[in-house]
Amino acid sequence: MATILSAPTTVEVIPAGTSALARLAASMSSGQWASFSMGGMGTSLLDAGSGHSITEFSARGHWDPVHKKIQYWGQGHNAADKLITWDDATNQWSVNGSAGTGTIGHAYYHLALDPATGDLYLRVYNSTTVKKKPYGGSWTSIASFQNIANQVAGALEWFPALNNGAGGLVFCDTLSAQTWNPASNSWAVRISSLLLGNYHNWAAAGGASLYFGGGVGSSAMYRMSASGSVTSAPSTPIEAGVEKGIVLRHPDGNQLLLFSQGTSGTIYRFNGSSWSTQGTHQIGGATDLWFGVPVFDYGVVLFVAQTTSTDTPVVKVYRP
C-alpha cells in the first residue's frame with residue numbers, strides 16, 4: 001500500500017504485472033513524497049541484537065537493475081551485521097546472510113554494487129580489506145588497498161566509466177583516492193593530497209564522473225574522471241557525510257542529491273556545475289538511522305528510516 005504525501009496527481013495507466021513500486025513511481029510527479037509498504041520490513045529485519053539496528057551510521061543501499069532488487073548491508077555497534085535484499089517483483093525483504101566483518105563496524109559508504117552484474121563489494125570497517133560477493137555467490141576478499149589515512153570509515157563506490165568502460169572500484173578517505181582494476185586485481189593511488197574531514201567520507205558516481213568528499217566538518221567535494229584524474233568540484237552547501245548530509249546519485253543517473261539529515265532537512269541538487277535547493281524532505285527518523293536507495297528504473301529514491309533502533313521502521317519514496 002502506498003500513501004501520497006503531497007498534492008494529488010494524474011495517475012498513469014500502468015501495464016498489468018508491473019510491480020508495486022513501479023506503479024507508485026508512475027503515479028507521482030516531481031517533488032512528491034509517498035509512504036510505501038514493503039513486505040518483510042520491520043524491526044526484526046533490521047535488528048542487530050543488543051538493542052542495535054543495522055541502520056546505525058548508514059547512508060545508502062543499492063538498486064540492482066539486472067535482477068530488480070535492492071541490496072543493503074549494515075551492522076550495529078558491537079553487534080551483528082546483515083545483508084538484506086528486497087525483491088521488486090514480490091515486494092518482499094529477506095535476509096541474505098552476513099559478511100562476517102567482525103564486532104565493530106557500520107554501513108557508512110562501505111558497500112558498492114556493480115550495476116552490470118549485481119556483484120557486491122564491501123570495505124570492512126577500520127581495515128584495508130575489501131570483500132566481493134558475486135551475485136548468488138559467497139563473500140571472498142580481493143586485493144587490499146593502501147589505508148593511507150588509517151581511516152576507519154572512508155567511502156567505496158563502483159565507477160562504471162573506469163578502466164575504459166569496464167568499470168572498477170574507487171575508495172576515498174581523508175587523504176587519498178584510489179582505484180581498483182578488476183582485470184589485474186590491483187589498486188592505484190590517484191591522489192594523496194586531499195582536504196577532507198575524517199570518518200564520514202562519501203562517494204557517488206554521476207554521469208561520466210565520480211564525486212567524493214565530506215567528512216567531519218568538511219564540505220569539500222572532488223570530481224574523478226574516467227581516466228582516474230582528480231580535480232576540485234563545487235563544495236557541498238552543508239557538511240556532507242553520515243549524520244550530517246547524505247549524498248546519493250540522482251535517479252536520472254547523472255546528477256547528485258544531498259539530503260540534510262534530521263526530521264525535515266533540506267534537499268539539494270547538483271547538476272554537474274552547481275548546487276541548488278529543492279525543498280525539504282519527509283524522511284523523519286534519527287540522524288544516523290536511515291538510508292536511501294536511488295531506484296534508477298523508476299526515477300525515485302526510496303528511504304528506510306527508524307526513530308530509534310527498536311522502533312518500527314517507515315519507508316518513504318521521493319520523486320525528484
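Report, by residue number, each residue of the stretch 244-265 that is closer than 22 Å to Tyr108 by Cβ and polar (S, T, N, Q).
First pass over the stretch 244-265, keeping only residues closer than 22 Å to Tyr108 by Cβ: 244-251, 256-263, 265.
Ser260, Gln261, Thr263, listed by residue number.
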Inspect the stretch 31-47 for any residue being closer than 21 Å to Val242 by Cα, aliphatic (A, V, I, L, M), surrounded by fewer than 22 Cβ atoms within 10 Å (Cβ to Cβ) and in contact (Cβ under 8 Å) with a residue 12 or more places away in the chain and give the result as yes or no. no
Within the stretch 155-202, count every residue that is of a type in the set (Gly, Ala, Ser) and within 20 Å of Lys133 (Cα to Cα). 7
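From Ala89, Ala34, which residue is assigned to a strand (DSSP E or B) and at pLDDT 95 or above? First the steps, then the outcome.
Values: Ala89 fails: assigned to a strand (DSSP E or B).
Result of the check over Ala89, Ala34: Ala34.
For every residue, the table says whether it meets (1) out of contact with any Asp or Glu (no Cβ under 9 Å at 6 or more places or on another chain); (2) β-branched (Val, Ile, Thr); (3) over 17 Å from Gly61 (Cα atoms).
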{"position": "Leu120", "(1), (2), (3)": "no, no, no"}
{"position": "Gly136", "(1), (2), (3)": "yes, no, yes"}
{"position": "Gly167", "(1), (2), (3)": "no, no, yes"}
{"position": "Leu175", "(1), (2), (3)": "yes, no, yes"}
{"position": "Ala188", "(1), (2), (3)": "yes, no, yes"}
{"position": "Ala220", "(1), (2), (3)": "yes, no, yes"}
Can you report the number of residues in the stretch 268-290 which are within 26 Å of Tyr199 (Cβ to Cβ), touching a Phe, Trp or Tyr at 6+ places or on another chain (Cβ under 9 Å) and without any contact (Cβ under 8 Å) to a residue 24 or more places away in the chain? 0
With the stretch 237-320 as the region, which strands (runs of 3 or more DSSP E) entirely inside it contain at least 3 residues that are crowded, with 19+ Cβ neighbours inside 10 Å? 245-249, 256-260, 266-270, 290-295, 300-305, 314-318
Number of positions in the stretch 69-93 that are touching a helix residue (DSSP H, G or I) at 6+ places or on another chain (Cβ under 9 Å) and closer than 18 Å to Trp139 by Cα: 3
With respect to Ala99, is the statement that it is in contact (Cβ under 8 Å) with a residue 12 or more places away in the chain, within 22 Å of Gly61 (Cβ to Cβ), among the small types (Gly, Ala, Ser) and assigned to a strand (DSSP E or B) true? no
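Can you tell me which residue in the stretch 223-233 is surrounded by the most Cβ atoms within 10 Å (Cβ to Cβ), limited to those that are in contact with a Lys or Arg (Cβ under 9 Å, 6 or more places away or on another chain) and assigned to a loop (DSSP other than H, G, I, E, B)? Talk me through it step by step, then tell me what you get.
The first filter runs over the stretch 223-233 and keeps only residues in contact with a Lys or Arg (Cβ under 9 Å, 6 or more places away or on another chain), leaving 224, 228-233.
Then keep just the ones that are assigned to a loop (DSSP other than H, G, I, E, B); that gives 228-229.
On the way: Gly228: 21, Ser229: 10.
Per the stated criteria, the residue is Gly228.
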Within the stretch 48-61, which residues are crowded, with 21+ Cβ neighbours inside 10 Å and either part of a loop (DSSP other than H, G, I, E, B) or touching a strand residue (DSSP E or B) at 6+ places or on another chain (Cβ under 6 Å) (or both)? Ile54, Thr55, Glu56, Phe57, Ser58, Ala59, Arg60, Gly61
Hits in the stretch 190-230 (condition: β-branched (Val, Ile, Thr) and under 19 Å from the mean Cα position of the chain (by Cα)): Val216
Go through the stretch 146-165 and report how many residues are under 21 Å from the mean Cα position of the chain (by Cα) and over 16 Å from Gly241 (Cβ atoms). 5
Mind checking which residues of the stretch 191-222 are touching a Pro at 6+ places or on another chain (Cβ under 9 Å), outside any loop (DSSP other than H, G, I, E, B) and surrounded by fewer than 24 Cβ atoms within 10 Å (Cβ to Cβ)? Met221
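The values are calculated or read from the model by the stated rules, or taken from the named source; none is laboratory data. Quantities reported herein were computed from a predicted structural model and do not represent experimental measurements. All Cβ positions, glycine included, derive from the backbone under ideal geometry; neighbour counts span all protein chains shown.
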